[in-house]
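Novice: Quick one: the structure is below, and I'll ask about it shortly.
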């Protein structure tokens, strides 16, 4: 038996030894705590994972629908999707900060501050959504500044304008609490 084979056989034993060194590991109490943590993690993560899968699915459907129109249309949709994700990512990142501040205020038993943060986030989201909507009505100048092929500019401009039409409503909605969370009064 060579050295590599000995290491392969010893690795599972060493990993088990490391796992058992944690306090409470290997006991019923330790396993229950791990299961509880896993359940909590899944409960927090599944909406985000579902939303990400949904966005990917929408992009795939858009690509499939536009593919029959030709290479220029497909390129325009691709560029527009990237710009749309950029706009929404900036806004949603700011909304994530509002959610953190709101949750922190509620966690510190200051619900009145939490409500103020939530209301400010809704207003900020509405204003940013209106800004995204306004900027994306005609992005020809942005596409030209990015040196996008002139053949795909009309497709990208029209697709981006259509996909971001609901931005004023979508952006503040990212600040809303998750289902089962505290209501915003």
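Novice: Would you list 48, 81, 142 from fewest to most Cβ contacts within 10 Å?
Specialist: 48, 142, 81
Novice: A further question on this structure: Region 124-159 to region 38-78: how many Å between their Cα centroids?
Specialist: Taking the Cα centre of each part, region 124-159 and region 38-78 sit 20 Å apart.
Novice: To the nearest 0.05, what FRET efficiency results for residue 67 and residue 149 with a Förster distance of 25 Å applied to their C-beta separation?
Specialist: Working from the Cβ atoms, E equals 0.90.
Novice: With equal scatterers on the alpha carbons only and no solvent term, can you work out the Debye log10 of I(q)/I(0) for region 69-173 at 0.16, 0.19 1/Å?
Specialist: -0.70, -0.85
Novice: Got the relative contact order for region 69-173 handy, in percent, Cα pairs under 8 Å and 6 or more residues apart?
Specialist: 42
A short reminder: the numbers here are calculations on the coordinates, not readings from a lab. Keep in mind that this is a model prediction, so the values were computed, not measured. In this analysis, Cβ positions are derived from the backbone assuming ideal geometry, glycine residues included, and neighbour counts consider all displayed protein chains.
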